[in-house]
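**Student:** The structure is given below, and queries will be raised subsequently.
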Amino acid sequence: MHPLMNTAIKAARRAGNVIMRHLDHLERLAIETKGRNDFVSEVDHQAELEILGIIHAAYPDHGILAEESGRKSGNDYRWIIDPLDGTTNYLHGFPQFAVSIAIEHRGRLAQAVVFDPLRNELFTASRGSGAQLNERRMRVSQIVNLEFALLGTGFPFRAEKHLEAWINSFRVLLTHSSGVRRAGSAALDLAYVACGRLDGFWEIGLNAWDIAAGALLIEEAGGLVGDFAGGQEFLDTGNVVAGNPQIYGKILPFIQAHMPPDLKR
Ligand code: IPD
Ligand code: CA
Ligand code: CA
């Protein structure tokens, strides 16, 4: 295993320990509001501190983009970290949340870890070496027909200006697929595309830390990830379409048809 991956797994598991330790006394957690529908708890902060401590001890020169503490510039490597993806779920004890850690090398995603501490599911991928779920090779699904596909999405619950566009895309994809799930953790949604539990996924207005690890998982599991133009700028635009290659190719045009000019990428 690549030494970077070892460190990333250690960091994700430590953050997972913090998350699990507080799960039985959620009512006692200190919670702040970052914006409308945007909460952060002491668990998000503590989990991120654990991750950063481990990275700093092993790779003090690496750059960082972390949700709660921001950016630190560094050498050719950059860690993209969401210490707790699915905070709203977590704060309600709704069992769908994860730790997401990706490592870029010279601007290219190189390593990815998404860890679900509740189910002890560890999703990993190293560029060029495939993707694993708990050390077993994982692949995207082989569903070809959209009518048999199960899709994931996220609501634009913080950016209401995108609600109309999302509802239009939802209407058409709901009526052309087997169903649409909104589970509440984009990182896990993408990991589920990678392991074949979902056949496709789309969401508007995510952040790089929600997407980076999941995107590499999907690519290494044989799937496709793109922005709304079908390009590779999803970490910058935050707009993501993903799926097995067949389903990706089928949902992208539907989504494109319903996006206004400011959401064309
Ligand atoms: C959120 C989750 C959610 C998505 C939101 C994200 P957070 O991350 O991934 O599924 O719909 O847009 O912000 O805030 O819980 O880390
Ligand atoms: Ca997130
Ligand atoms: Ca988060």
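**Student:** For segment 97-114, which residues satisfy the criterion of being within 13 Å of ligand 3 (Cβ to nearest atom) and not β-branched (Val, Ile, Thr)?
**Tutor:** Phe97, Ala98, Ser100
**Student:** Restricting to segment 46-94, count the residues that are of a type in the set (D, E, K, R), in contact (Cβ under 8 Å) with a residue 24 or more places away in the chain and surrounded by fewer than 17 Cβ atoms within 10 Å (Cβ to Cβ).
**Tutor:** Qualifying residue count, segment 46-94: 1.
**Student:** Also: Just one of the numbered conditions (1) over 13 Å from the mean Cα position of the chain (by Cα); (2) not assigned by TED's automatic domain parsing to the domain that holds Thr7 is not true of Leu190; which one?
**Tutor:** With respect to (1) over 13 Å from the mean Cα position of the chain (by Cα); (2) not assigned by TED's automatic domain parsing to the domain that holds Thr7, Leu190 is out only on (1).
**Student:** Could you check segment 192-216 and list, in sequence order, the residues that are away from ligand 1 (no atom under 13 Å from the Cβ) and among the small types (Gly, Ala, Ser)?
**Tutor:** Ala194, Gly196, Gly200, Ala215
**Student:** Report yes if Gly238 is within 16 Å of ligand 1 (Cβ to nearest atom), without any contact (Cβ under 8 Å) to a residue 40 or more places away in the chain and under 28 Å from Asn37 (Cα atoms), otherwise no.
**Tutor:** Taking the combined requirement at face value, the residue satisfies it.
**Student:** Sticking with this one: When residues of segment 129-159 are filtered for being part of a loop (DSSP other than H, G, I, E, B), away from ligand 2 (no atom under 15 Å from the Cβ) and in contact with a strand residue (DSSP E or B) (Cβ under 9 Å, 6 or more places away or on another chain), how many remain?
**Tutor:** Counting residues in segment 129-159 that are part of a loop (DSSP other than H, G, I, E, B), away from ligand 2 (no atom under 15 Å from the Cβ) and in contact with a strand residue (DSSP E or B) (Cβ under 9 Å, 6 or more places away or on another chain) gives 9.
**Student:** Restricting attention to segment 95-108, which residues are within 15 Å of ligand 2 (Cβ to nearest atom), assigned to a loop (DSSP other than H, G, I, E, B) and either surrounded by 24 or more Cβ atoms within 10 Å (Cβ to Cβ) or among the charged types (D, E, K, R) (or both)?
**Tutor:** If the condition is that a residue be within 15 Å of ligand 2 (Cβ to nearest atom), assigned to a loop (DSSP other than H, G, I, E, B) and either surrounded by 24 or more Cβ atoms within 10 Å (Cβ to Cβ) or among the charged types (D, E, K, R) (or both), then Phe97 is the only one that fits.
**Student:** Which of (1) acidic (Asp, Glu); (2) in contact (Cβ under 8 Å) with a residue 24 or more places away in the chain; (3) under 28 Å from Asp38 (Cβ atoms) does Glu220 not meet, given it meets every other one?
**Tutor:** Single failed check for Glu220: (3).
**Student:** Right, something else. Only one residue in Asn168, Asn244, Asn239 is buried (at least 23 other Cβ atoms within 10 Å of the Cβ), away from ligand 2 (no atom under 16 Å from the Cβ) and either among the aromatic types (Phe, Trp, Tyr) or outside the structural domain of Glu68 (by TED's automatic domain parsing) (or both), so which one is that?
**Tutor:** Asn244
**Student:** Next question. Could you tell me how many of the residues in segment 47-94 are assigned to a strand (DSSP E or B), of a type in the set (Ser, Thr, Tyr) and within 11 Å of ligand 3 (Cβ to nearest atom)?
**Tutor:** Qualifying residue count for the region: 0.
**Student:** Of the residues that make up segment 213-227, is at least one within 16 Å of ligand 3 (Cβ to nearest atom) and either part of a helix (DSSP H, G or I) or more than 24 Å from Asn120 (Cα to Cα) (or both)?
**Tutor:** yes
The values are calculated or read from the model by the stated rules, or taken from the named source; none is laboratory data. Please read all numbers here as calculations on a predicted model, not as lab measurements. Heads up, the Cβs are rebuilt from the backbone with ideal geometry, glycines too, and the neighbour counts pull from every protein chain shown.
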